[in-house]
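Scroll down for the structure; my scribbles are underneath it.
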Amino acid sequence: MTTLADQGKAAPGAQPFSDLSDLIHPVPVEEFLRDYWEKKPLFIRRDDPTHYTQLPTLDEVDSILSTSRATLEGIRLVIDGKETPVSTLGVSFGWNGIANSLEALYERYRNGSTIVLNALEGRWEPLARLTARLGVETNCRFQANLYLTPAGNQGFTPHYDTHDVFIAQVHGTKSWKLHGAPYPLPLRTQPFDRSGTLPDGPVEELELRPGDLLYLPRGTIHSATSNETASAHVTIGVHPVIWSEMMADAVRQVFEDDVRFREGLPLAFAAGDELPQQAEKRFAELVDVLHERLSAKAMVDNSLKRAASLSLPQLRHHLLDLEQAAEVDAGTRVSRRPGTQWNLTVAEGQVCLDFNNKTVQFPAHVADEVRYVAEHAGGGLTADDVRGNLDLPGRLVLVRTLLREGFLTLA
């Protein structure tokens with residue numbers, strides 16, 4: 001693991017971080033991708049408690065909890081690796097039952113449980129913007145969880161995650177132990193086996209302070225304990241598009257399209273010598289079919305389509321856009337929604353624009369105009385600015401359609 005001290009002034013803490021280079025400052029993105037991404041941990045000591053001013057303070061976490069009401073949706077309680085279902089908290093709390101869940105939550109916290117706020121980007125706008133921009137920059141899905149641990153306690157026993165994580169310390173301090181990665185880059189279907197034996201002793205021990213950052217590749221076994229005060233950190237999980245998943249999707253599609261792969265092996269194929277030999281020959285034939293049917297280009301195209309559907313839709317102000325869509329004229333300025341991942345393809349007489357986990361289709365003859373809007377709307381444009389052969393009424397229909405669908409927003 002590499003430990004770096006950030007002593008530069010290129011990215012002052014008072015400035016909101018908005019992309020990968022800000023998140024990992026002072027490490028250049030090229031160096032991070034070459035030396036650390038999916039390879040080894042990186043610890044950045046900043047000695048700047050104000051670095052994460054746009055992340056929730058302890059008081060703001062308190063506000064989030066106090067306004068979560070009875071259901072406490074998206075909140076977990078964990079102590080020493082054991083989770084208490086939030087749905088059970090109000091059962092023994094008198095006449096109000098579930099309405100007293102928040103008090104029950106705090107009772108558990110007072111007794112050592114870690115409070116986990118899952119998918120905090122869904123209720124904290126600065127994190128929503130950050131995860132969306134990171135998604136566009138990297139073509140990965142990002143999720144931000146906040147972990148609040150009372151003094152001197154541990155939420156999780158040693159384990160690894162099946163996704164990479166950036167850990168940003170925002171309050172208090174926390175001591176971390178890293179045990180290496182005996183099984184590098186596990187798949188989502190290969191979670192940590194808590195019944196197994198840990199490697200002997202931690203490989204690294206470190207303390208995260210407010211403003212520090214720790215990157216852990218998936219598969220890195222780790223645990224953490226808060227110190228003299230409560231500790232709060234935001235874990236930004238990274239879910240990339242995986243080679244094996246895209247290949248498995250392509251193979252599965254062949255299976256669905258070709259009945260030969262859905263046939264059963266011969267009855268009693270395990271009896272004698274002749275039937276197993278026939279089965280081996282049949283397997284070889286089917287492998288050849290797979291080789292013929294699988295297309296590297298098709299897998300890349302499907303990967304691009306998948307990348308456009310990874311992030312949560314960024315639909316702030318969409319209600320106002322819908323109310324004013326009909327009034328958009330040739331000079332109305334619109335822009336592509338920040339943080340929107342998209343992919344455009346032209347095939348079989350149609351233009352397909354993928355974004356927000358959906359596809360909006362247009363006739364192929366407007367491909368140039370759709371591409372122009374998609375590529376240039378990041379800086380803002382009007383229907384009058386759109387290049388191509390489409391007349392002004394057609395351009396207005398295009399802009400209004402993309403405004404109503406949530407791809408564009410009024411600038």
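No lab work stands behind these numbers, since they all come straight from the coordinates. Predicted model only: the values in this text are computed from it and were never measured. In this analysis, Cβ positions are derived from the backbone assuming ideal geometry, glycine residues included, and neighbour counts consider all displayed protein chains.
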Once Rh for the chain is found with the Kirkwood sum over Cα pairs, what is the Stokes-Einstein diffusion coefficient at 37 °C and 0.692 mPa s, in µm²/s?
133 µm²/s
Debye log10 I(q)/I(0) for segment 322-396, one point scatterer per Cα, at q = 0.11, 0.14, 0.16 Å⁻¹
-0.28, -0.46, -0.60
Using only Cα atoms, locate the centre of segment 378-407 and the centre of segment 238-297, then give the distance between them in Å, rounded to an integer.
46 Å
In the structure shown, of 39/358; 297/358; 39/305; 40/174, the pairs separated by more than 30 angstrom at the C-alpha atoms are 39/358
Bins of 5 Å, beginning at zero and ending with the bin holding the largest distance: percent of Cα pairs per bin for segment 243-391, please.
2, 8, 12, 14, 15, 11, 8, 7, 7, 6, 4, 3, 3, 2, 1, 0
Neighbour-count order for 359, 88, 131, fewest beta carbons within 10 angstrom listed first:
88, 359, 131
For 48, 19, order by how many other beta-carbon atoms lie within 10 Å, fewest first:
19, 48
Among 155-168, 244-257, what's the highest-first ranking by average C-beta atoms within 10 angstrom per residue?
155-168, 244-257
Rounded to the nearest 20 Debye, what is the dipole magnitude of segment 252-307 about its Cα centre when Lys and Arg each give +1 and Asp and Glu each give -1 at the C-beta?
400 debye
